[in-house]
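Let me begin by presenting the structure, written as structure tokens, before commenting on it.
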Amino acid sequence: MDYNHRSIEQKWQKFWADNQTFKTSESTAKPKYYVLDMFPYPSGSGLHVGHPLGYIASDIFSRYKRLKGFNVLHPMGYDSFGLPAEQYAIQTGQHPAITTEANIKRYREQLDNIGFSFDWSREVRTSNPSYYKWTQWIFMKLFDAWYNKETDQAEPINTLIQRFESTGTIGVNAVSDEDVAVFTAEEWKTYDEEDQQRELLKYRLAYLRESTVNWCAALGTVLANDEVINGVSERGGYPVEQKKMMQWSMRITAYADRLLRGLDAVDWPEPLVEMQRNWIGKSVGASVKFPVPQLDTTIDVFTTRVDTIFGVSFVVLAPEHELVKALTTNSQYSEVEKYIEITSKKSELDRMADTKTVSGAFTGSYAKHPLTGEDVPIWIADYVLAGYGTGAVMAVPSGDQRDYLFAKHFNLPIIPISDSQNLEEAADPNKDGRYINSDFINSMTYDEAVPALIERLEELGLGKAKVNFRMRDAIFGRQRYWGEPVPVYFKNGLPYLIKEEELPLLLPEVDKYLPTETGEPPLGRAEGWKYQNEYEYELSTMPGWAGSSWYWMRYMDPHNNEAFASKEAMDYWKSVDLYIGGSEHATGHLLYSRFWNKFLKDLGYHNEEEPFKKLINQGMIQGRSNFVYRLLDEEGKGTNTFVSLGLKDQYNTIPLHVDVNIVHNDILDLEKFKNFRPDFAEAEFILENGKYICGTEVEKMSKSKFNVVNPDDVVEKYGADTLRLYEMFLGPLEQAKPWNTNGIDGVYKFLRKLWRLFHDAEGNFHVSDEDPSKAEYKALHKIIKKVEEDIERFSFNTSVSAFMICVNELTDLKCNKRKVLQDLIIVLEPYAPHITEELWTLLGNEPGTISYAAYPAFNPDYLVESEFAYPVSVNGKMKMNLPLALELDQKAVEETVLANVDVQRYLDGKPVKKVVFVKGKIINIVV
RNA sequence: GCUCGGAUGGUGGAACUGGUAGACACGCGGGACUUAAAAUCCCGUGACCCCUAAAGGUCGUGCGGGUUCGAUUCCCGCUCCGAGUACCA
């Protein structure tokens, strides 16, 4: 019997499930290794062929690590709260839990088909109350915590209250809202309960505050910054506007510096690290105050170029800046008013698109230059963003291009400040020269000027060195149903936590999944849903990223009811050693997870500063669409005749997407095509060489383009082992690539060849107990060495090629030796677990034990070259085979070379100038 | 605009610290087996020249330079493609 992937794979998948072969425990002397996949959101359309790419890679690595003697944690679960199930619920009325459950079932079947070695006993689902109980619990800890800048870590809020009670705000160095009060201990004690709570809210790491949020009307909810891409929502692409609302936020900015520093300690792809750095956006500079005597206040600006301060010729405020109203003089009132109105009408998108037009308005007021005391005009302009820094800038036209254009447009002075500046056409921000027109820093260099200026500004109390971050606090509430309820109730408008023992706060039933008539979130519809039948619960739910920001810790101890994970489990598994997933989570999930991880560490729940030590981004698998070309008649209407790709230019045709599943190697299956759509039943074809060749294009994989390939279909036709090998064979893991099955036959052929090598014509398993020959050992040890090297550097595609070479060599040698097969099975098992498991038991081994076999040791002796001849170039160009022993000195080489007839053809009797040795071999001869 | 990737045959891709470029696979061409097909196996396959016998030669990793005995690999300058980000002061 030939290689029958269906029966083999079903048999072993059932065996692994029945015997819990991959169940992991902590009680072992083996070293641990934690391999994690980004868990999927179970969508209604199931897995397509792109999804398993990363899972296959992680599974190969997990199986390899097990063979190498590690106790491997390799779990899987579902990020099962999310928008699509809720949108579906709105349309159909079906509870999202039911939809989600059905989708998970389908996902599980599809995953099982591929033969992953997940420990399913540790499965988590973020929408399970037993899971979100702990998401809510972590929220409570965040609510009950503040960030102490002295110790550079989060602490329970009690320690802050104690300090307020003993010394007030004196000496408290905390991350907080800007508008915190300054008080003594006595004053604190005179505050009533509500005032105290109101004040504490400004310090809590999970806090409620009126803030400007990204409001997406179409989705009926607010979105975090990372969920807004180019001014539209990441999901659905709906417009997003800025709106002021009372909102839950997470004080992630408290961790900005630690999140930045931690990036040096992780082994992540450089582009991803770069994305997080940019997102955090640390700028080192100074804050400078420009006094405004008539209002008895100052305009605070942030600058990274305090050295250019003597080049300031005006100050610009964002149109939304709070001082704009007060600063506008009567004569400028209408102009400013008009400008504000125009800019406020511009959407985020317009404002981003239109960066060339210079616009602004003069307020009519002047500020004092902090060092020269001169009057500096105050303008407003929309190129200054209210949300970054202080919403005001000092404008230096000679050093900043935007200021330069603004100055040119409005005829404001451009003051050169350095002897190296060239200001004829543009601003010149170089730091190379020495300063001019700059008072006491004249003739200084950049490095001398900055400290001198900071010192002077500090003396005057008008400025100081400052670090600014681009990252904002993360909006945490969503006006949605299908998410974790926030475990908070309101008393006199102030938020209070429910008691820990009242967790989980279950998601209540509602009649519809839409906002209430009064515009409240869907939870407002839940009847009688009140804390102690009296107090209103928080009606928004947590965002999608809440449940995914700690799930890797739950896998360590998934059934614990006393803690999110026991200390023992966390001490054992520590952090994730290898994390594989897409780069689209760079500024979302991966940042939030690091934040929560650091927070939980601060409170002493575990000891790991970073959650994911090594991370690999698998590339996206794109769709590869196929096209047929429909012949058009004279009126330009589609006929029922289709022209093959090579001939289409001779006719008038239009391309049509055709289902990739009825095309093989770009050749259309004509019968299946006739069944593809009813109107194609009578289709006729203009063929080339008797075949219909389809056109192709790489596009996103989507239903509408008929280019979605379901892994189940591939498994059915070729088997899971072929799918696994082929997805790896397709190219480097990290590279984006289109899915095509053009080469899958080659991989399938390899498995059949392997199978046949150890089966006779009747299909009986047959091995020889003879000792392998030198050549057979060489073939075997080449693959042992190669696969180990490849897996360690995540180069899975080259391993697949190496396996093919190995089996070809063994086939040529007619090698069916037991000793060869035994080791080959172990090396191949991570890639093709089913066929290897079958052969393993045919060899007489206990089923399900390959994972616990020892990885075969590579023996370099088998790879020693026996031939003496090896290629040598002359003058780096010509090549010849030089039969030489190793370790000759130059003179001996020269003599040997001169005596060699083969060499003489090239050398033409010329003397040897130089001989280049590499690793004891002659590589090149210079004459 | 800025940041980071990438460019190798008809195709996907190999070449790990500079050392026989094109491994492996697909596709294509030819052949064997077969009544035939499928399956399987064998040979050829970067371009060009010469030969049409063994063999041999020239060019060739996006473009132009450089370093080196030797460059797909390192350096400088460009072109094109992809990703991220975007008035961040």
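Let's see how each residue does on (1) within 21 Å of A:I580 (Cβ to Cβ); (2) away from RNA strand B (no atom under 15 Å from the Cβ); (3) over 34 Å from the mean Cα position of the chain (by Cα):
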| position | (1), (2), (3) |
| --- | --- |
| A:S795 | yes, no, no |
| A:V807 | no, no, yes |
| A:L821 | no, yes, yes |
| A:L824 | no, yes, yes |
| A:A832 | yes, no, no |
| A:L839 | no, yes, yes |
| A:L842 | no, yes, yes |
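Filter the range A:306-323 down to the residues that are modelled with pLDDT of 90 or more and of a type in the set (D, E) and list them by number. Scanning the range A:306-323 gives a single hit, A:D307.
Every residue in the range A:168-188 that is assigned to a helix (DSSP H, G or I) and open to solvent by less than 70 Å² (accessible area, probe 1.4 Å), please. A:A185, A:W188, listed by residue number.
Taking the condition open to solvent by 40 Å² or more (accessible area, probe 1.4 Å), part of a helix (DSSP H, G or I) and in contact with a Gly (Cβ under 8 Å, 6 or more places away or on another chain), does A:E194 pass? Even if it seems obvious, please write down each step before you answer.
Working: open to solvent by 40 Å² or more (accessible area, probe 1.4 Å): yes; part of a helix (DSSP H, G or I): yes; in contact with a Gly (Cβ under 8 Å, 6 or more places away or on another chain): no.
Spelling it out, it is not the case that A:E194 is open to solvent by 40 Å² or more (accessible area, probe 1.4 Å), part of a helix (DSSP H, G or I) and in contact with a Gly (Cβ under 8 Å, 6 or more places away or on another chain).
May I ask you to say which residue of A:R251, A:R258 is away from RNA strand B (no atom under 16 Å from the Cβ), in contact with a strand residue (DSSP E or B) (Cβ under 8 Å, 6 or more places away or on another chain) and open to solvent by less than 70 Å² (accessible area, probe 1.4 Å)? From the options A:R251, A:R258, the qualifying one is A:R251. Within the range A:717-735, the set of residues being in contact (Cβ under 8 Å) with a residue 24 or more places away in the chain, within 22 Å of A:E838 (Cα to Cα) and open to solvent by 10 Å² or more (accessible area, probe 1.4 Å) comprises just one member, A:Y718.
Looking only at residues in the range A:356-391 that are away from RNA strand B (no atom under 14 Å from the Cβ) and assigned to a loop (DSSP other than H, G, I, E, B), the one that is nearest to A:V324 (Cα to Cα) is A:H369. Here A:K814 clears all of (1) surrounded by 11 or more Cβ atoms within 10 Å (Cβ to Cβ); (2) within 13 Å of RNA strand B (Cβ to nearest atom); (3) modelled with pLDDT of 60 or more except the condition numbered (1).
From the list A:L405, A:L412, A:L423, the lone residue that is of a type outside the set (F, W, Y) and either within 12 Å of RNA strand B (Cβ to nearest atom) or closer than 29 Å to A:T253 by Cβ (or both) is A:L405. Scanning the range A:652-688 for residues that are loosely packed, with under 15 Cβ neighbours inside 10 Å and touching a Ser or Thr at 6+ places or on another chain (Cβ under 7 Å) gives A:E684, A:E688. For the range A:663-695, filtered to residues that are among the aromatic types (F, W, Y) and touching a residue at least 24 places away in the same chain (Cβ under 8 Å), the residue that is farthest from RNA strand B (Cβ to nearest atom) is A:F680.
Filter the range A:294-321 down to the residues that are more than 14 Å from RNA strand B (Cβ to nearest atom) and closer than 23 Å to A:E178 by Cα, then identify the one that is surrounded by the most Cβ atoms within 10 Å (Cβ to Cβ). Break it down stepwise before answering.
Taking the range A:294-321 first, the residues more than 14 Å from RNA strand B (Cβ to nearest atom) are A:294-298, A:310.
Next cut, closer than 23 Å to A:E178 by Cα only: A:295-298.
Numbers: A:L295: 13, A:D296: 7, A:T297: 15, A:T298: 19.
Top of the filtered list is A:T298.
Being at pLDDT below 90, more than 9 Å from RNA strand B (Cβ to nearest atom) and either in a strand (DSSP E or B) or of a type outside the set (D, E) (or both) is true for just one of A:V714, A:V698. Which residue is that?
Going through A:V714, A:V698 in turn, the sole match is A:V698.
The one condition from (1) open to solvent by 60 Å² or more (accessible area, probe 1.4 Å); (2) assigned to a strand (DSSP E or B); (3) closer than 30 Å to A:M38 by Cβ; (4) not charged (D, E, K, R) that A:G623 does not meet is (1). Contact map, the range A:258-282: first residue touching a residue at least 40 places away in the same chain (Cβ under 8 Å) and closer than 17 Å to A:D226 by Cα, second residue small (G, A, S) and more than 8 Å from RNA strand B (Cβ to nearest atom), Cβ cut-off under 6 Å, separation 6 or more or different chains; pairs are A:I280/A:A256. Residue pairs whose Cβ atoms lie under 6 Å apart, sitting 6 or more positions apart in sequence or on different chains, and linking a residue in the range A:367-392 that is free of Cβ contacts under 8 Å to residues at least 60 places away in the same chain and closer than 23 Å to A:K338 by Cα to a partner that is of a type in the set (F, W, Y) and within 14 Å of RNA strand B (Cβ to nearest atom), do not occur here.
Rundown of residues vs (1) part of a helix (DSSP H, G or I); (2) at pLDDT 90 or above, yes/no style:
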{"residue": "A:G844", "(1), (2)": "no, yes"}
{"residue": "A:G848", "(1), (2)": "no, yes"}
{"residue": "A:S851", "(1), (2)": "yes, no"}
{"residue": "A:Y855", "(1), (2)": "no, yes"}
{"residue": "A:D861", "(1), (2)": "yes, no"}
{"residue": "A:E865", "(1), (2)": "no, no"}
{"residue": "A:S873", "(1), (2)": "no, no"}
{"residue": "A:N881", "(1), (2)": "no, no"}
{"residue": "A:A885", "(1), (2)": "no, no"}
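The number of residues in the range A:445-479 being open to solvent by 30 Å² or more (accessible area, probe 1.4 Å), farther than 30 Å from A:L208 by Cβ and touching a helix residue (DSSP H, G or I) at 6+ places or on another chain (Cβ under 7 Å) comes to 4.
The values are calculated or read from the model by the stated rules, or taken from the named source; none is laboratory data. Note that the structure is a prediction, hence the values are computed from the model and not measured. Using ideal geometry, Cβ is built from the backbone for each residue, glycine included, and neighbour counts are taken over all protein chains shown. With ligands, DNA and RNA removed, areas are computed over all heavy atoms of the protein, side chains included. Shrake-Rupley method; radii C 1.70, N 1.55, O 1.52, S 1.80 Å.
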